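The structure is given below, and queries will be raised subsequently.
The values are calculated or read from the model by the stated rules, or taken from the named source; none is laboratory data. Quick caveat: nothing in here was measured; it's all calculated off a predicted structure. Heads up, the Cβs are rebuilt from the backbone with ideal geometry, glycines too, and the neighbour counts pull from every protein chain shown. These area figures cover heavy atoms from the full protein model, side chains too; ligands, DNA and RNA do not enter into them. Shrake-Rupley method; radii C 1.70, N 1.55, O 1.52, S 1.80 Å.
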Amino acid sequence: MSNRMWGGRFAEGPDAIMEEINASIDYDRKLYQQDIAGSKAHVRMLAARNIVAGEDAETIAKGLDTIQAEIEAGAFEFSRALEDIHMNIEARLAELIGPTAGRLHTARSRNDQVATDFRIWVRDTLDTLDEQVTALIQALAERALEHAGDVMPGFTHLQSAQPVTFGHHLMAYVEMFARDRGRMRDARARMNECPLGAAALAGTSFPIDREMTAESLGFDRPTANSLDAVSDRDFVLEALSAAAISSMHLSRLAEEIVIWCSAQFGFVTLSDRFSTGSSIMPQKKNPDAAELVRAKTGRIYGGLTALLVMMKGLPLAYSKDMQEDKEQAFDALPSLSLALAAMTGMVRDLVPNTREMKKAAGSGYSTATDLADWLVRVLGIPFREAHHVTGRIVALAVERGVALHRIPLEDMQAVEPRITADIFTVLTVDKSVRSRTSYGGTAPANVRKQARRWLQRLEREAKKG
């Protein structure tokens with residue numbers, strides 16, 4: 001039997017394999033709210049333009065409300081034979097209200113219909129992700145303010161480099177996630193154009209009002225080119241690109257939490273709320289939430305890559321390949337949402353071991369740069385010469401197995417006679433971090449200022465709604 005929704009072109013029904021590869025209802029049922037909202041906006045516009053009778057439009061809208069209630073109550077029977085959410089809803093509408101249901105599809109196609117539905121879903125999801133990233137930024141800034149003066153080692157190549165503060169380290173992630181939030185907002189602004197009314201690819205001869213439907217659905221404007229409207233998937237590619245970068249930032253922080261929780265570092269502790277045990281080793285407490293956040297990154301990258309590859313060879317306008325766009329987004333964006341929630345919980349939950357951090361901050365001769373800077377600033381030695389002098393003093397400390405500030409003054413003077421006792425004012429980790437007062441530096445006063453600035457900004461944004 002032919003598919004009755006397709007009309008008279010087909011005399012036979014699809015092969016079972018064709019039905020299997022063609023059906024998308026198993027996953028695009030997620031778009032039911034967006035599809036119904038789009039259909040109601042469309043039929044209101046058709047009535048306003050006298051393309052369908054007002055009575056018919058009202059009957060269709062009521063039928064759509066009934067269908068939404070059925071779906072939300074779990075009473076709706078989805079059919080794979082009807083392929084997708086659009087045909088399932090339209091078929092059920094015909095059962096409820098009869099032939100009048102056929103007027104709904106006037107002046108539209110599944111091509112502009114699905115593009116509209118999917119844009120709304122991605123837009124709404126970006127709004128949720130924006131809220132979650134904002135919550136993470138707030139959690140990081142609050143913890144940074146709390147630990148603005150707590151010293152820890154700063155690393156390059158995962159080797160102890162210079163002392164920083166734990167608050168400064170957390171504020172680095174505030175900046176990263178702020179950029180993520182900006183990318184999400186940029187993507188949302190760029191995608192907020194309505195494809196509805198582009199029809200299959202060429203527009204329609206009916207006197208529709210695309211501005212009306214765009215405004216009704218919360219879009220800024222209708223799309224300007226009907227070919228682009230139905231074939232564009234940049235909006236989801238941009239969302240997935242922003243998600244991929246954000247997940248990379250989450251993975252970096254997750255990796256650090258895993259390292260910091262290890263017995264070898266012991267910088268932080270996670271509570272039982274974000275840890276698991278071992279089935280065989282009773283002493284183990286594993287930072288599994290962080291590890292799973294790290295792992296989600298691969299899934300999100302995979303979604304972006306799959307969609308890029310799927311789109312790269314498609315001519316204008318719509319091709320069935322585009323049916324493969326939704327599963328990627330439906331997996332990747334919720335994965336990011338879950339990872340953001342988990343990371344926000346961990347940031348609020350973790351307890352830093354400030355004593356162990358400070359002890360580690362002094363290892364590896366991390367104040368060597370402070371010594372070199374002192375030689376330049378106080379003695380006027382060119383930095384390259386100061387670097388050489390400092391290297392000789394560090395070598396002396398390594399040979400004796402002591403910290404830099406434990407080298408006697410006379411031994412330093414044997415390397416550089418002009419060194420005075422004032423050198424010891426810069427060789428402790430506390431004094432080192434306090435000296436880094438340049439804009440963006442790790443001085444506790446800087447960190448407090450930046451953290452407060454962010455918290456005040458978030459408060460202002462919350463008040464604006």
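Once label points are set 7 Å from the Cα along Cα→Cβ at both THR128 and ASN286, what is their separation, rounded to one decimal in nm?
2.8
Let me ask something else. Report, to the nearest whole %, how much of the accessible area of the chain belongs to carbon and sulfur atoms, 1.4 Å probe, protein only.
Numbers: 11550 of 22300 Å².
Carbon and sulfur atoms account for 52 percent of the accessible area of the chain.
Can you give the accessible area per residue of the chain, in Å², using a 1.4 Å probe?
48
With both bridge residues required to lie in the chain, what share of the DSSP beta bridges run antiparallel, to the nearest 5%?
Around 80 percent antiparallel, to the nearest 5.
Solvent-accessible area of LYS359, probe 1.4 Å, all protein chains present, reported in Å² to the nearest ten, please.
Surface accessible to solvent at LYS359 totals approximately 150 Å².
So if we plug the beta-carbon distance of GLU58 and LEU158 into 1/(1 + (r/R0)^6) with R0 = 60 Å, what FRET efficiency do we get, rounded to 0.05?
The calculated FRET efficiency here is 0.35.
For MET176, MET191, give me the order by solvent-accessible area with a 1.4 Å probe, most accessible first, ignoring ligands, DNA and RNA.
I get MET176, MET191, largest accessible area first.
Right, next: Count neighbours as other Cβ atoms within 10 Å of each site's Cβ, and list the GluC sites (Glu not before Pro) in the range 44-101 that are DSSP loop with at most 16 such neighbours.
Qualifying residues, ordered by number: GLU77.
Run the numbers for ASP65 and SER363: contour at 0.36 nm per residue of separation, minus the present Cα-Cα distance, in nm. All intermediate terms of the calculation are to be shown ahead of the outcome.
Working: separation 298, 0.36 × 298 = 107.28 nm, distance 6.72 nm.
Stretched fully, the ASP65-SER363 segment lengthens by 100.6 nm.
Right, something else. Any of LYS296/LYS326; LYS359/LYS449; LYS40/LYS326; LYS62/LYS320; LYS30/LYS296; LYS285/LYS431 with alpha carbons more than 28 Å apart? Name them for me.
In this structure, LYS62/LYS320; LYS285/LYS431 lie more than 28 Å apart at Cα.
Moving on. Mind checking the full-extension length gain between HIS388 and SER241? Use 0.36 nm per residue of separation minus the Cα-Cα distance, one decimal, nm.
That works out to 48.4 nm of additional length.
Next question. Given the protein chains as shown and a 1.4 Å probe, how many square angstrom of ARG119 are accessible, to the nearest 10?
10
Which order do you get for ASP272, ASP234 if you rank them by accessible area with a 1.4 Å probe, largest at the top?
From most exposed to least exposed: ASP272, ASP234.
Need one value: the accessible area of ARG348 in square angstrom, 1.4 angstrom probe, rounded to the nearest 10.
120
Roughly what angle does helix 166-191 make with the longest principal axis of the chain, taking Cα atoms, 0 to 90 degrees, to the nearest 10?
20
Over the chain, what relative contact order in percent results from Cα pairs under 8 Å that are six or more residues apart?
The value is 17 percent.
Specify the angular offset, from 0 to 90 degrees and rounded to the nearest 10, of the alpha carbon long axis of helix 288-311 from the longest principal axis of the alpha carbons in the chain.
50
Working out 0.36 nm times the residue gap between GLU410 and ALA16, then minus their Cα-Cα distance, what length gain in nm do you get to one decimal?
Once the chain is fully extended between GLU410 and ALA16, it gains 132.9 nm.
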